[in-house]
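Worksheet for the structure shown next.
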Amino acid sequence: MPVNPELVGRVFPPTAPYLVGREKVRDFARAVFADDPQHVDPAAAEALGYADVVAPPTFAMVIQDQTLQQLLAEPDSGIVLQNVLHAEQRFRYTRPIVAGDELTGTLSVTGIRAIGGNAMVTSEAEITDAAGAHVVTATSVLLVGEGEK
């Protein structure tokens with residue numbers, strides 16, 4: 001089944017709140033080789049004006065992944081995980097993610113473009129804090145192949 005073009009404009013329910021933990025930020029920073037002290041040392045982050053350690057910019061993927069799981073679980077999507085390649089990723093921040101933040105993501109599918117027998121599916125996850133303030137918009141482009149015929 002090809003990717004359902006009716007996905008464009010679909011908005012998924014907000015994800016459950018995700019509490020950003022200090023150790024999760026530290027683990028993520030080590031995994032992506034983000035060695036700036038603000039990512040692991042609360043005192044270094046506080047010296048920069050933050051309440052706790054600051055997550056590396058790509059940490060937003062942790063929350064965005066929850067939103068993308070909703071898209072992949074849609075029975076009418078036409079998207080089969082084994083045929084998906086993550087083709088592009090962008091982030092637009094209002095402020096950094098900091099340990100202690102409680103974040104929620106809301107995904108919307110903003111475009112589908114056919115390329116040969118494949119589809120490029122663009123989605124945006126609006127990630128907000130517990131007060132509902134924008135933190136980051138994470139934009140992903142998934143390349144979805146048709147799979148075996």
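The values are calculated or read from the model by the stated rules, or taken from the named source; none is laboratory data. Note that the structure is predicted; figures quoted are calculated from it, not measured. Backbone-built Cβ (ideal geometry, glycine too); neighbour counts: all protein chains shown. Areas reflect the complete protein model, heavy atoms only, side chains present, ligands, DNA and RNA absent. Shrake-Rupley method; radii C 1.70, N 1.55, O 1.52, S 1.80 Å.
Residues in segment 63-92 that are within 16 Å of residue 126 (Cβ to Cβ) and open to solvent by less than 40 Å² (accessible area, probe 1.4 Å) were compared, and the one that is nearest to the chain's Cα centre (by Cα) is 64.
Say whether the condition of being in a loop (DSSP other than H, G, I, E, B), more than 21 Å from residue 6 (Cα to Cα), open to solvent by 40 Å² or more (accessible area, probe 1.4 Å) and touching a strand residue (DSSP E or B) at 6+ places or on another chain (Cβ under 7 Å) is met by at least one residue in segment 96-110. Yes. Sub-7 Å Cβ pairs linking a first residue in segment 19-30 that is among the hydrophobic types (A, V, I, L, M, F, W, C) to a second residue that is surrounded by 17 or more Cβ atoms within 10 Å (Cβ to Cβ) and assigned to a helix (DSSP H, G or I), at least 6 apart or interchain, are 25/39; 25/59; 28/59; 29/39, ordered by first then second residue. Among the residues of segment 63-80, those that are farther than 15 Å from residue 112 by Cα and among the polar types (S, T, N, Q) comprise 64, 66, 67, 69, 70. Among the residues of segment 18-31, those that are within 29 Å of residue 74 (Cβ to Cβ) and surrounded by 14 or more Cβ atoms within 10 Å (Cβ to Cβ) comprise 18, 20, 24, 28.
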